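Following: one structure in structure tokens, then a few remarks.
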Amino acid sequence: MVDIKQEYLDKGVSAISDSLDKLVSRERLSREDADSALSRIESSVEVESLSDCDLVIEAIPEIPELKFSTFSKLDSICKPQAILASNTSSISINEIARHTNRSDRVIGMHFMNPVPIMKLVEIINGSETSEEVTSEVISASEEMGKTPLSCQDSPGFVSNRVLMPMINEAILTLQEGVAEPEAIDGIMKLGMNHPIGPLALADLIGLDTVLHIMNVLEEGMDSDKYSPADLLVKMVEKGELGRKSGSGFYHY
């Protein structure tokens, strides 16, 4: 596990430890297995420490130039046979791969949030991703206890191409005064059997992330069908980003 500051690494390891403790308390994991898992985590602030890894999964902010520069650096550091995977939720795998000299070994591994609970890993194949790499990443995902499902590189992939317009439509419904947040979310939960309402989910994801993905969809699809709701834009401008800011469609 590599990050830019030791404090971020400490926070990450602490979060993993807390997650394992919860599994132990619920008798879903033995204390011995939890301690063993934690002991296998190595951390570093030096990206060069990844040089001998077989699979590197990037999970940095959704900023295209930051993704591109990171993959370019990983390409120069990692051994030639290493697979470079991105946890991106919206940025083109083909675009990321173009910043490396191993486009056949670049792939998307989009984990769903919250990762310890959600089973899906959305596997995104670039146009040059090799079948061997796809197969190896599917196997690695299954070894993690996940269910990998594959798609081709396209704006929003499958998950966000379907999900984000639904969230945006819920925001438009609120913006137009059709119903209050509790009613919108309640109708989708009770009527459509969704585990969480679209507005509460937007707060969980982060409204800035929702806005970013809608912008990617609008540009990539070249259609105003994906134009973000004015209310979403205004809330992000005000810093009302959901759970991480303490206020969004609900207060936390």
Subset of the range 216-235 that is farther than 11 Å from P165 by Cα and within 19 Å of the chain's Cα centre (by Cα) - its residue that is surrounded by the fewest Cβ atoms within 10 Å (Cβ to Cβ) | G220
For the range 31-62, which residues satisfy the criterion of being over 18 Å from L84 (Cα atoms) and acidic (D, E)?
-> E32, D33, D35, E42
Considering the range 36-65 alone, what residues qualify as being closer than 15 Å to V2 by Cα and aliphatic (A, V, I, L, M)?
-> I41, V45, V47, L50, L55, V56, I57, A59, I60
Residue ranges of helices (runs of 4 or more DSSP H) in the range 1-119 with at least 1 members aromatic (F, W, Y), outside the structural domain of S130 (by TED's automatic domain parsing) and surrounded by 18 or more Cβ atoms within 10 Å (Cβ to Cβ) = none
Mind listing just one residue for me: the one in the range 194-249 that is of a type in the set (S, T, N, Q) and in a loop (DSSP other than H, G, I, E, B) and, of those, nearest to A183 (Cα to Cα)?
-> S227
In the range 75-91, is there at least one residue being basic (K, R) and under 18 Å from the mean Cα position of the chain (by Cα)?
-> no
Residues being on the phi > 0 side of the Ramachandran plot and buried (at least 18 other Cβ atoms within 10 Å of the Cβ) - total across the range 129-169 | 2
Any residue in the range 165-181 that's over 22 Å from I213 (Cβ atoms): show its pairings with residues that are surrounded by 14 or more Cβ atoms within 10 Å (Cβ to Cβ) at Cβ separation under 7 Å, as long as the two are six or more apart or on different chains.
-> A179/T173
Considering only the range 6-29, state which residues are among the hydroxyl-bearing types (S, T, Y) and out of contact with any helix residue (DSSP H, G or I) (no Cβ under 7 Å at 6 or more places or on another chain).
-> Y8, S14, S19, S25
Would you mind finding the one in E65, E95, E131, E42 that is in contact (Cβ under 8 Å) with a residue 24 or more places away in the chain, out of contact with any Pro (no Cβ under 8 Å at 6 or more places or on another chain) and either under 25 Å from D10 (Cβ atoms) or of a type in the set (D, E, K, R) (or both)?
-> E42
Looking only at the range 131-180, count how many residues are closer than 25 Å to G248 by Cβ, assigned to a helix (DSSP H, G or I) and among the charged types (D, E, K, R).
-> 2
Quick one: L172 ticks every box in (1) closer than 25 Å to P116 by Cα; (2) surrounded by 13 or more Cβ atoms within 10 Å (Cβ to Cβ) except a single one, so which number is it?
-> (1)
Which one of the conditions (1) surrounded by 21 or more Cβ atoms within 10 Å (Cβ to Cβ); (2) assigned to a helix (DSSP H, G or I) does A183 fail to meet, given that it meets all the rest?
-> (1)
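The values are calculated or read from the model by the stated rules, or taken from the named source; none is laboratory data. The structure displayed is predicted, hence computed values, not measured ones. Quick reminder, even Gly has a Cβ in these numbers, built from the backbone with ideal geometry, and neighbours come from all protein chains shown.
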